[in-house]
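The values are calculated or read from the model by the stated rules, or taken from the named source; none is laboratory data. Note that the structure is predicted; figures quoted are calculated from it, not measured. All Cβ positions, glycine included, derive from the backbone under ideal geometry; neighbour counts span all protein chains shown.
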Amino acid sequence: MSTELSPKAAEIASYAQTLLEAGGYNSFSYANIAAEVNISKASIHHHFPSKAELVRVVVSRYRQQALQGLELMERHQPDALSALKAYADYWSDCILGQTSSFCICAMLAAELPSIPDIAAVEVQGHFQDLSTWLTRILQAGQQSGQLSLNRAAEIEAKAFMAEIHGAMVAARGFGNPQVFPELAQLAIDRLTSVTN
């Protein structure tokens, strides 16, 4: 489904993404958005008839941006290990630079049982997109001898995702952004067959 938005709808979606990243689905209302983007709640409903639809659009846009970023990352990295490092470095830069502190889909996954289906489907789609990309990278790394996998690439991809998302949680929990790159490096080290 297309996620082309008017400038005001894009502003609403952008701020909603910030709120989702900070606290998840149940942490905000249209009143929070209305105050920030200088629009009435009724006008927000004009752009997004329900909160579920707003979150669906936000996550759909997030998925599209993530897929584009992953494809670009893969094209510009010389090998699988470099691609994994670039992915971890992207999040390190976001977290340390305070431009983004959490994957919104990881945040929403924790709430999956209580969020509307139309948003949940997009969240699950993001996990599948990322898992597919990581599986491809891990398979290439194993074939080249750069990476050493203890399980099937599909399982290792899910484990790596869990480690990266867990590192985000730990950085928040310890109140220390530096925790993220330290733990992300451990996740990469676990997959390398040689010291890099």
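Here are the numbers for the structure shown:
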quantity: Residues (under 22 Å from W133 (Cβ atoms), buried (at least 16 other Cβ atoms within 10 Å of the Cβ) and not basic (K, R)) located in region 31-66; calculated: V58, V59, S60, Y62, A66
quantity: Residue in region 74-90 that is surrounded by fewer than 20 Cβ atoms within 10 Å (Cβ to Cβ), of a type outside the set (V, I, T), more than 20 Å from V179 (Cβ to Cβ) and in contact (Cβ under 8 Å) with a residue 40 or more places away in the chain present; calculated: yes
quantity: T135, sole failed condition from (1) in contact (Cβ under 8 Å) with a residue 60 or more places away in the chain; (2) assigned to a helix (DSSP H, G or I); (3) crowded, with 16+ Cβ neighbours inside 10 Å; (4) not small (G, A, S); calculated: (1)
quantity: Residue ID - nearest to G125 (Cα to Cα), chosen from residues in region 31-82 that are aliphatic (A, V, I, L, M) and in contact with a Gly (Cβ under 9 Å, 6 or more places away or on another chain); calculated: V59
quantity: Tabulated pairs, region 179-191, first among the acidic types (D, E), second assigned to a helix (DSSP H, G or I) and buried (at least 18 other Cβ atoms within 10 Å of the Cβ), C-beta under 6 angstrom, 6+ apart or interchain; calculated: none
quantity: When residues of region 138-196 are limited to those that are under 15 Å from the mean Cα position of the chain (by Cα) and β-branched (V, I, T), the one farthest from E74 (Cα to Cα); calculated: V169
quantity: Where H165 falls short, out of the listed (1) within 30 Å of K51 (Cβ to Cβ); (2) without any contact (Cβ under 8 Å) to a residue 12 or more places away in the chain; calculated: (2)
quantity: Total residues in region 111-126, condition small (G, A, S), in contact (Cβ under 8 Å) with a residue 40 or more places away in the chain and buried (at least 21 other Cβ atoms within 10 Å of the Cβ); calculated: 1
quantity: Selection count, region 153-196, where residues are surrounded by 13 or more Cβ atoms within 10 Å (Cβ to Cβ), small (G, A, S) and in a loop (DSSP other than H, G, I, E, B); calculated: 1
quantity: Residue among A22, A83, A35 that alone is in a helix (DSSP H, G or I) and at pLDDT 95 or above; calculated: A83
quantity: Complete set of residues in region 91-110 that are under 14 Å from M73 (Cβ atoms) and either charged (D, E, K, R) or surrounded by fewer than 17 Cβ atoms within 10 Å (Cβ to Cβ) (or both); calculated: D93
